[in-house]
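The values are calculated or read from the model by the stated rules, or taken from the named source; none is laboratory data. What you see is a predicted model, and the numbers here were worked out from it, not measured in a lab. Backbone-built Cβ (ideal geometry, glycine too); neighbour counts: all protein chains shown.
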């Protein structure tokens with residue numbers, strides 16, 4: 001992984017990205033300085049070696065994979081990865097996905113609370129319903145990507161989230 005995103009149990013990545021918002025200079029920042037990540041850093045390859053086909057990202061907080069494809073005929077960039085995460089998490093939850101949490105369960109109540117907080121924070125979105133981001137609860141800040149060293153050729157990595 002690119003050093004911007006590379007995370008492990010011992011070392012946190014420098015990125016702090018609030019996935020509630022589309023990637024921008026205000027939502028993608030250095031976690032220590034809170035300054036914007038430079039555009040040239042975001043346009044660099046997300047992996048080493050660079051991948052031009054696809055990258056599969058997973059997270060134990062939700063059941064959906066994030067599949068990242070390059071936006072141009074070039075290697076997948078850090079920005080491609082961030083846009084793919086945001087896009088997948090912005091997807092509206094289906095009735096079946098909602099029911100899979102179990103009626104009235106802790107998981108469903110946590111997602112409901114996250115939906116309410118998100119809509120209040122944005123001042124809109126109530127009519128759009130629960131989004132996949134709501135599975136994250138309060139942990140809407142992407143703080144790194146852990147690489148699975150035993151992954152297949154196409155690459156599988158784990159997204160790491162924290163509270164903003």
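Results, tabulated for the structure shown:
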{"quantity": "Filtered residues of segment 71-97 (kept if under 22 Å from residue 13 (Cα atoms), under 17 Å from the mean Cα position of the chain (by Cα) and surrounded by 17 or more Cβ atoms within 10 Å (Cβ to Cβ))", "calculated": "76, 77, 78, 79, 80, 81, 82, 84, 85, 86, 88, 89"}
{"quantity": "Residue within segment 98-116 that is surrounded by 15 or more Cβ atoms within 10 Å (Cβ to Cβ), closer than 17 Å to residue 59 by Cα and touching a helix residue (DSSP H, G or I) at 6+ places or on another chain (Cβ under 6 Å) present", "calculated": "yes"}
{"quantity": "Qualifying residue in segment 32-52 (condition: farther than 22 Å from residue 136 by Cα, in contact with a helix residue (DSSP H, G or I) (Cβ under 7 Å, 6 or more places away or on another chain) and modelled with pLDDT under 95)", "calculated": "no"}
{"quantity": "Filter pass, residue 79 being farther than 19 Å from residue 162 by Cα, in contact with a helix residue (DSSP H, G or I) (Cβ under 9 Å, 6 or more places away or on another chain) and in contact (Cβ under 8 Å) with a residue 40 or more places away in the chain", "calculated": "yes"}
{"quantity": "Selection status of residue 47, free of Cβ contacts under 8 Å to residues at least 12 places away in the same chain and assigned to a loop (DSSP other than H, G, I, E, B)", "calculated": "no"}
{"quantity": "Top-ranked residue of segment 59-70 - restricted to ones that are free of Cβ contacts under 8 Å to residues at least 24 places away in the same chain and outside any loop (DSSP other than H, G, I, E, B), ranked as surrounded by the most Cβ atoms within 10 Å (Cβ to Cβ)", "calculated": "68"}
{"quantity": "Selected residue (criterion: nearest to residue 61 (Cα to Cα)) from residues of segment 117-139 that are without any contact (Cβ under 8 Å) to a residue 24 or more places away in the chain and surrounded by 12 or more Cβ atoms within 10 Å (Cβ to Cβ)", "calculated": "117"}
{"quantity": "Filter pass, residue 56 being at pLDDT 95 or above, out of contact with any helix residue (DSSP H, G or I) (no Cβ under 6 Å at 6 or more places or on another chain) and outside any loop (DSSP other than H, G, I, E, B)", "calculated": "no"}
{"quantity": "Test result for residue 18, within 30 Å of residue 123 (Cα to Cα), at pLDDT 95 or above and in contact with a strand residue (DSSP E or B) (Cβ under 6 Å, 6 or more places away or on another chain)", "calculated": "yes"}
